[in-house]
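Asks: Mind having a look at this structure? Questions to follow.
All of the numbers you see were taken from the coordinates with simple rules; none came from a lab. Not measured: the values here are computed from a predicted model. With ideal geometry, Cβ positions are generated from the backbone for all residues, glycine too; neighbour counts draw on all protein chains shown.
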Amino acid sequence: MTTLRVPRLVWAALGLIAAVVCGWAIEAIPPARIDPTLLGAAAFLAVWIPLLGALVLSFARQRLNEAASALGLRFQPLDVLWGLGIGCLARAFDAFLRLLLTGSSGLVPQPTLSALASPVVQTVVLGILAPVLIAPVLEEIYFRGLIQRSLASSLEPLGRAPRMAAAVVLTSLAFALVHALLLVGAPTEAMLTGISTFVFALLAGATAAVTNRLGGSIAGHVVFNGLGVLLTWPF
């Protein structure tokens, strides 16, 4: 008896749908009914858990080192320079876009953390580790690793350059759409976020395609998010 093998792109699509739905469910919770810190943690987990589940299911029959190789999960020192370049460029574009369309950079102070846990723990986990380290690594593995590489493989008849370009653009559209949908309650912010994340994703996707690894795109994502946190931190 043979078992049905679900294509990775199907798992990836299901993971994205589940992440958006779970994100909407958390957004629907009235802030007054739950501690802000707990709500913030739940918002991260609501998106991360479906993505992690889809990644596990996509590589359920492979060893960890085989999955890492298939995803292009490698890092070289040169990737730091790639990351600085694309991260700074994308953050500058985001600020320019917002200034042009709204008259404001869109950078707002980090939210005040509640007393659910110690301020140090909240600051480190929710203010730094989650947005600056965990989210960039997971999202790059998922989008530039799982989705972009799977798309490139499925489009192989097009030839190397066309299929890589198509995979970068399609993955970038998915990346931007998910980020915009998670902000559907704020249409203007959703539009601005969608545009700026699409531009970042194009840079990250092109870097991953050119280098054939995720090191540069992960570094770029860390820089992009890190600059956003640094520039709004209440020193």
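Asks: Only helices at least 30 Å long along their own axis, judged from Cα atoms, and with Kyte-Doolittle mean hydropathy of 0.0 or greater: name those in the chain from DSSP H.
Replies: 36-58, 78-102, 160-181, 187-211
Asks: For ARG8, ARG163, which order do you get if you count the other beta carbons within 10 Å of each Cβ and list the fewest first?
Replies: Least crowded to most crowded, the residues run ARG163, ARG8.
Asks: What is the order of ASP94, ASP35, fewest Cβ neighbours within 10 Å to most?
Replies: Starting with the residue having the fewest Cβ neighbours, the order is ASP35, ASP94.
Asks: Which shape class, rounded, prolate or oblate, goes with segment 32-107 when its Cα gyration tensor gives a ≥ b ≥ c as root eigenvalues, a/c under 1.5 marks rounded, and past that a/b bigger than b/c marks prolate?
Replies: oblate
Asks: Rounded to two decimals, what ratio of Rg to Rh does segment 132-221 give with C-alpha atoms and a Kirkwood Rh?
Replies: Value, to two decimals: 1.00.
Asks: If you don't mind, there's one more thing I want to ask. How big is the Rg/Rh ratio for segment 8-230, C-alpha atoms only, Rh by Kirkwood, two decimals?
Replies: Value, to two decimals: 0.97.
Asks: Summing +1 for each Lys or Arg and -1 for each Asp or Glu, what net charge is found among the other residues whose Cβ lies under 12 Å from the Cβ of LEU71?
Replies: Net of charged neighbours comes to +3.
Asks: Follow-up. Among TRP24, TRP48, which comes first, second and so on when ranked by fewest other beta-carbon atoms within 10 Å?
Replies: Ordered by Cβ neighbours within 10 Å, fewest first: TRP24, TRP48.
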